[in-house]
Amino acid sequence: MNKRVVITGMGVISSLGNDVDTFWKSIKDGKCGISLIEGFDTSAYSCKVASQVKDFDPFEYIEKKEVKRMDRSTQLAMAATKMAIESSKFDFENTDPYRFGVVIGTGVGGIDTFEKQHEILLNRGPSRVSPFFIPMMISNMTTGRIAMHYRAKGYNSCVVTACASGTNAVGDAFKVIQRGAADVMIAGGTEATITPMCVAGFDALGAMTNTTDPLDASKPFDLNRNGFVMGEGSGIVILEELSHALARGANIIAEVVGYGSTNDAFHITAPASDAEGGAASMRLAIEDAGIEPSQVDYINAHGTSTGLNDKLETLAIKKSLKDHAYKVAISSTKSMTGHLLGAAGGVEAIITALTVKDDFIAPTINLKVKDPECDLDYVPNKGRAAKVNYALSNSLGFGGHNATIAIKKYE
């Protein structure tokens with residue numbers, strides 16, 4: 001019999017707040033975290049806006065000597081993990097370290113470190129490249145660092161599935177516990193890609209908005225959307241086997257009950273035109289949860305504010321939920337947070353868990369002119385109170401990756 005898996009802790013670093021309470025209030029209030037890019041000169045860039053983490057001091061979370069040996073993406077995850085561990089009131093003494101693991105997703109990893117060290121190589125020569133360059137840059141170092149800090153000696157993995165990474169990480173960690181291979185998992189995503197090279201690369205693809213008004217830049221499902229807004233941050237959850245959580249009197253936030261993961265096998269960047277991969281991911285998560293499509297109350301959509309994603313995700317929802325698609329509440333919280341790439345699924349898992357816990361559905365802000373091909377209920381501009389027993393969170397990534405988790409109100 002499969003083990004039950006619950007969420008007992010959460011931590012977030014984002015443009016909308018560096019703690020869960022502030023972040024969730026901002027989401028409920030429909031606040032936008034997007035602003036003009038401050039870290040470098042964007043005069044030659046088409047895209048000039050991003051969703052940047054503000055007032056983040058890594059020294060509040062990490063030992064001073066270690067901060068300089070970590071890429072920003074790892075720093076953000078270490079901070080969010082510290083928050084999640086503390087909120088869970090984790091019992092280290094009564095947890096077997098070999099049944100305590102980590103799965104963190106990231107789309108790009110240490111790109112900030114890569115760019116800075118490449119500049120040193122060009123300007124000062126190879127002898128001046130930092131000996132910490134490789135350990136700081138490689139994507140798996142975040143999971144390694146977290147495991148070292150918390151003595152998590154169990155299952156450890158780094159998921160790199162582009163923008164599906166965070167959701168795949170939570171789903172994979174859920175399955176590790178469900179099959180009985182761990183009692184506790186730290187899971188989520190992290191990303192720090194608001195860098196000259198990374199913004200230039202996405203800009204060159206034509207994937208990013210050229211809107212100069214930060215408060216009107218990310219507009220999922222709107223007819224006038226013209227590209228996504230890059231975000232940075234980290235969202236981490238503590239997943240725990242139910243009896244382990246109950247034995248220590250843990251505060252249970254929500255229950256993870258389903259996971260689906262597929263690939264379009266179609267194109268390196270574009271979603272499949274039949275939307276079947278995304279639909280199958282949702283169907284698998286629903287089947288894994290042991291429920292009917294009609295029981296889904298809410299979907300946190302991938303909703304990137306790009307022309308193809310929004311209409312094809314809408315089609316995928318229709319294919320997976322059939323007639324119920326017109327009754328389910330859907331929102332893209334990327335309208336507020338921007339698109340955190342590999343961290344998106346971690347942050348959105350937190351939003352989805354709090355949605356079922358608090359019975360409040362976040363809005364899709366900036367939805368002013370509805371796209372005729374996007375004709376579902378996207379909870380436009382203002383959030384709403386509603387009973388939510390089951391919710392899905394979708395993530396779709398370059399390379400055709402699709403991932404969906406199903407979260408249930410804990411009873």
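The values are calculated or read from the model by the stated rules, or taken from the named source; none is laboratory data. Model, not experiment: these values are computed from the prediction. Virtual Cβ from ideal backbone geometry, glycine too; neighbours counted across all protein chains shown.
Which residues, taken from region 253-308, are assigned to a strand (DSSP E or B) and acidic (Asp, Glu)? The one that is assigned to a strand (DSSP E or B) and acidic (Asp, Glu): Glu255.
Within region 309-333, being under 20 Å from Gly345 (Cβ atoms), in a loop (DSSP other than H, G, I, E, B) and not β-branched (Val, Ile, Thr) holds for one residue alone: Ser332.
For region 368-411, a tally of residues being under 25 Å from Ala162 (Cβ atoms) and not polar (S, T, N, Q) returns 17. Across region 383-411, the number of residues qualifying as modelled with pLDDT of 95 or more and either more than 22 Å from the chain's Cα centre (by Cα) or assigned to a strand (DSSP E or B) (or both) comes to 20. Looking across region 137-169 at every residue that is of a type in the set (Gly, Ala, Ser) and within 17 Å of Lys82 (Cβ to Cβ), the one that is surrounded by the most Cβ atoms within 10 Å (Cβ to Cβ) is identified as Ala152.
A single member of Val67, Val12 is out of contact with any Pro (no Cβ under 8 Å at 6 or more places or on another chain) and more than 20 Å from Thr211 (Cα to Cα), and it is Val12. The residue of region 298-328 that is nearest to the chain's Cα centre (by Cα), among those that are over 11 Å from Pro220 (Cβ atoms) and hydroxyl-bearing (Ser, Thr, Tyr), is Tyr298. Scanning region 223-234 for residues that are in a loop (DSSP other than H, G, I, E, B) and among the hydrophobic types (A, V, I, L, M, F, W, C), we see that the one that is farthest from Thr304 (Cα to Cα) is Leu223.
Note on region 252-275: among residues that are surrounded by 18 or more Cβ atoms within 10 Å (Cβ to Cβ) and of a type in the set (D, E, K, R), the one that is nearest to Pro293 (Cα to Cα) is Glu255. Within this structure, Ala84 passes the test of being buried (at least 19 other Cβ atoms within 10 Å of the Cβ) and within 30 Å of Gly180 (Cβ to Cβ). The set of residues in region 69-100 that are charged (D, E, K, R) and touching a Phe, Trp or Tyr at 6+ places or on another chain (Cβ under 7 Å) comprises Arg69, Lys82. When the residues of region 206-222 are filtered to those that are in a loop (DSSP other than H, G, I, E, B) and among the hydrophobic types (A, V, I, L, M, F, W, C), the one that is surrounded by the fewest Cβ atoms within 10 Å (Cβ to Cβ) is Ala207. When the residues of region 19-65 are narrowed to those that are assigned to a loop (DSSP other than H, G, I, E, B), in contact with a strand residue (DSSP E or B) (Cβ under 8 Å, 6 or more places away or on another chain) and of a type in the set (A, V, I, L, M, F, W, C), which ends up nearest to Ile194 (Cα to Cα)? Within region 19-65, the match that is nearest to Ile194 (Cα to Cα) is Ile37. Scanning region 156-196 for residues that are polar (S, T, N, Q) and under 21 Å from Gly400 (Cα atoms) turns up Ser157, Thr161, Ser165, Thr167, Asn168, Thr190, Thr193. Against the list (1) in contact (Cβ under 8 Å) with a residue 40 or more places away in the chain; (2) of a type outside the set (Lys, Arg); (3) under 26 Å from Gly383 (Cα atoms), the condition Ala79 fails is (3).
Assess whether Tyr378 counts as being surrounded by 23 or more Cβ atoms within 10 Å (Cβ to Cβ) and either at pLDDT 95 or above or under 23 Å from Ile194 (Cβ atoms) (or both). Yes: the conditions hold for Tyr378. Among the residues of region 260-311, those that are among the polar types (S, T, N, Q), over 23 Å from Ala204 (Cβ atoms) and in contact with a strand residue (DSSP E or B) (Cβ under 9 Å, 6 or more places away or on another chain) comprise Ser261, Thr262, Asn263, Ser281, Gln295, Asn300. Take region 122-133 and flag every residue that is among the hydrophobic types (A, V, I, L, M, F, W, C), surrounded by 14 or more Cβ atoms within 10 Å (Cβ to Cβ) and free of Cβ contacts under 8 Å to residues at least 24 places away in the same chain. Hits for region 122-133 are Val129, Phe133.
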